[in-house]
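This is the structure, below, for whatever I ask next.
The values are calculated or read from the model by the stated rules, or taken from the named source; none is laboratory data. This one's a predicted model, so the numbers in the text were calculated from it and none came from an experiment. Cβ placement follows ideal geometry from the backbone for every residue including glycine, while neighbour counts extend to all protein chains displayed. Side chains are part of the model used for accessible areas, which takes the heavy atoms of the whole protein and leaves out ligands, DNA and RNA. Shrake-Rupley method; radii C 1.70, N 1.55, O 1.52, S 1.80 Å.
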Amino acid sequence: MVRAKKRFGQNFLKDRTILEQIIKAIPDDDYQLVEIGAGLGDLTKYLLVSNGVVAFEIDLDLCNYLNSKFSEELENGKLELFCKDVIAVWREELYSEKYKIVANLPYYIATNIIFKALQDRNCKSITAMVQKEVADKFVAKVGEKNFSMLSVVAQSAGKVVKVVDVPPTAFQPMPKVYSAVVQFRKEIETISHHFISFLQIAFKQPRKTLLKNLSQHYERDRLETLFFKLNLNLSIRPHQVDTPIYHQIYQTLEDREIGRE
Ligand code: SAH
């Protein structure tokens with residue numbers, strides 16, 4: 001038996017009901033399925049029932065295991081397996097055609113992977129297991145305490161919903177935290193990294209005012225004029241400003257669109 005390695009964030013999803021809920025949530029389109037971190041192949045097996053799969057797995061022990069478990073699917077081309085660190089091989093695009101991600105993501109790089117996927121023009125949707133706390137940030141609504149840079153990035157790229165909360169008992173070994181499946185359906189091709197940097201400034205000190213955060217980088221007078229034009233109170237906090245307003249602020253200050261580099 002292959003032993004789980006902590007450093008690769010290995011928590012294998014064993015709960016059938018949750019596996020089935022993930023499968024049911026996958027958008028019904030013809031884009032290529034890409035799985036990141038195939039692990040012991042439990043999710044992969046489900047995915048292969050009706051689709052071809054391109055999978056990435058960093059752990060060579062698991063790759064050997066997957067190679068024998070799926071020898072037939074690898075042989076007939078239903079499964080393509082890359083024994084690679086997905087972050088190391090990810091250029092602008094992870095895959096050369098339009099694709100969708102379905103994955104139980106390693107928690108230590110889940111946010112990083114989702115940001116890369118939201119910026120990747122070929123990626124059309126992501127259905128992924130992440131830490132519940134992170135999922136709650138992605139789906140938070142304006143005004144809620146959790147409304148953060150992650151919410152604005154995700155909601156700028158398209159629609160994001162939580163599919164289901166998942167308790168530690170669904171995994172082997174059990175993680176210390178709760179998890180949740182989130183789904184992103186992109187409505188624009190990419191999110192500019194300039195826009196992401198701008199949001200990092202806006203949310204730098206989340207409890208301070210937005211004006212204070214932005215004035216570390218932009219002229220105060222200019223900001224006050226803009227706030228007045230947009231009807232924003234000067235003492236408004238970053239979590240109280242909705243996504244379309246962030247787009248307007250960014251476009252005015254930087255003279256760029258959120259989907260253009
Ligand atoms: N999909 C499996 C495993 C999920 S655990 C299941 O649901 O049971 C996360 C998996 O991601 C592990 O197999 C781990 O080895 C792999 N992984 C971790 N970091 C990775 C990386 N940088 N690139 C590719 N795979 C990675």
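Straight-line reach only, C-alpha to C-alpha below 15 angstrom: list the aspartates and glutamates that K124 could link to, leaving out same-chain residues fewer than 8 apart.
Within the straight-line cut-off, K124 pairs with D28, D29, D30, E35, E92, E93, E97, E187, E189.
So for the pair Q240, K98, with labels modelled 7 Å out along Cα→Cβ, what separation do we get in nm?
Distance between label points: 4.1 nm.
What are the GluC sites (Glu not before Pro) within segment 159-253 that DSSP puts in a loop, where the Cβ has at most 12 other Cβ atoms within 10 Å?
Working: sites: E187, E189, E219, E224; in loops: E187, E189, E219.
Here the GluC sites (Glu not before Pro) that fit, given the DSSP loop and packing criteria, are E187, E219.
Report, in degrees rounded to the nearest 10, the 0 to 90 angle that the Cα long axis of helix 193-202 makes with the longest principal axis of the chain.
Approximately 60 degrees, to the nearest ten.
Pulled fully out, how much extra length does the chain show between E257 and A88, if you take 0.36 nm times their separation in residues and subtract their Cα-Cα distance?
Details: separation 169, 0.36 × 169 = 60.84 nm, distance 2.83 nm.
Contour length minus Cα-Cα distance gives 58.0 nm.
Oh, and also: Restricting to DSSP H runs of at least four residues, report the calculated mean residue ellipticity at 222 nm for the chain, -39500 (n - 2.57) per run over all residues, nearest 500 deg cm²/dmol.
On the way: 12 runs with 100 residues, N = 261.
Roughly -10500 deg cm²/dmol at 222 nm, from the helical runs in the chain.
Which pairs break 26 Å Cα to Cα here: K186/K212; K78/K98; K132/K229; K98/K204; K98/K162; K24/K186?
Values: K186/K212 32 Å; K78/K98 17 Å; K132/K229 37 Å; K98/K204 34 Å; K98/K162 23 Å; K24/K186 18 Å.
The pairs that break the limit, which is 26 Å between Cα atoms, are K186/K212; K132/K229; K98/K204.
Could you run the Karplus curve 6.51 cos²θ - 1.76 cosθ + 1.60 with θ = phi - 60° over segment 131-139 and give me ³J(HN,Hα) per residue in whole Hz, x for Gly and Pro?
Computed from phi, the couplings for segment 131-139 are 4, 4, 4, 6, 4, 5, 6, 4, 9 Hz.
Here is a further query. Going by alpha carbons, how many degrees (0 to 90, nearest 10) lie between the helix axis of 110-119 and the longest principal axis of the chain?
70 degrees
Rounded to whole Å, give me the distance from the Cα center of segment 1-72 to that of segment 149-200.
Each part reduced to its Cα centre gives a spacing of 19 Å.
Can I ask one more? Can you spot the aspartates and glutamates whose alpha carbon is less than 12 Å from K69's alpha carbon? Ignore those fewer than 8 places along the same chain.
Candidates past the 8-residue exclusion: D42.
Multiplying the sequence separation of A25 and L230 by 0.36 nm and subtracting their Cα-Cα distance, what value in nm do you get? Write out the running numbers ahead of the final one.
Details: separation 205, 0.36 × 205 = 73.80 nm, distance 3.80 nm.
Here the segment from A25 to L230 would lengthen by 70.0 nm.
Then there is this: Which net charge results when you count Lys and Arg as +1 and Asp and Glu as -1 among the other residues whose beta-carbon is under 15 Å from that of N146?
Details: positive: K132, K137, K141, K145, K162, R207, R237; negative: E133, D136, E144, D165, D242.
Computed value for this residue: +2.
Another question, if that's okay. Rolling a 1.4 angstrom probe over the protein heavy atoms, how many square angstrom per residue are accessible across segment 6-189? Mind showing how you got there, number by number?
Details: 8730 Å² over 184 residues.
Per-residue value: 47 Å².
Which residues does the label zone of K6 cover in segment 100-133, counting backbone N under 19 Å from a point 7 Å along Cα→Cβ?
106-110, 131
What span do the alpha-carbon atoms of segment 138-261 cover on each of the three principal axes, reported in whole Å from largest to smallest?
55, 31, 21
Determine the per residue accessible area of segment 194-254 with all protein chains present and a 1.4 angstrom probe, expressed in square angstrom.
Details: 3500 Å² over 61 residues.
Solvent-accessible surface per residue comes out at 57 Å².
Mind checking the angle between helix 243-254 and the chain's longest principal axis? C-alpha axes, 0 to 90 degrees, to the nearest 10.
Relative to the chain, helix 243-254 is tipped by roughly 60 degrees.
Give the long-range amide H neighbours of C123: residues separated by 5 or more places, or on another chain, with amide H under 5 Å away, using H modelled in the peptide plane at 1.01 Å from N.
Those lying under 5 Å, H to H, from C123 are Y99.
Would you kindly calculate the translational diffusion coefficient of segment 194-254, applying Stokes-Einstein with the Kirkwood radius from alpha carbon pairs, for 37 °C and a viscosity of 0.692 mPa s, and quote it in µm² s⁻¹ without decimals? Numbers along the way, then the final one.
Details: Rh = 11.3 Å.
My calculation gives 291 µm²/s for D.
If a cysteine in the chain has no other Cys Cβ under 4.7 Å from its own Cβ, put it on the list, ordered by number.
C123
Could you tell me the accessible area of S192 in Å² (1.4 Å probe, neighbours in place), rounded to the nearest ten?
0 Å²
Additional query: Under Stokes-Einstein, with the Kirkwood radius over Cα pairs standing in for Rh, what whole-number D in µm²/s applies to the chain at 25 °C and 0.890 mPa s? Please list the in-between numbers first.
Values: Rh = 19.6 Å.
Result for D is 125 µm²/s.
First compute the accessible area of the chain with a 1.4 Å probe, then give the percent of it belonging to carbon and sulfur atoms. The partial results should precede the final answer.
Numbers: 6370 of 13440 Å².
Solvent-exposed carbon and sulfur of the chain make up 47 percent of the total.
How would M129, M174 rank on accessible area, largest to smallest, probe 1.4 Å? Spell out each step's value before the answer.
Working: M129 0, M174 120 Å².
So the residues, ranked largest to smallest area, are M174, M129.
Contour minus end-to-end for Q172 and H247, with contour as 0.36 nm per residue of separation and end-to-end as the Cα-Cα distance? Mind showing how you got there, number by number?
Values: separation 75, 0.36 × 75 = 27.00 nm, distance 4.19 nm.
Gain on stretching Q172 to H247: 22.8 nm.
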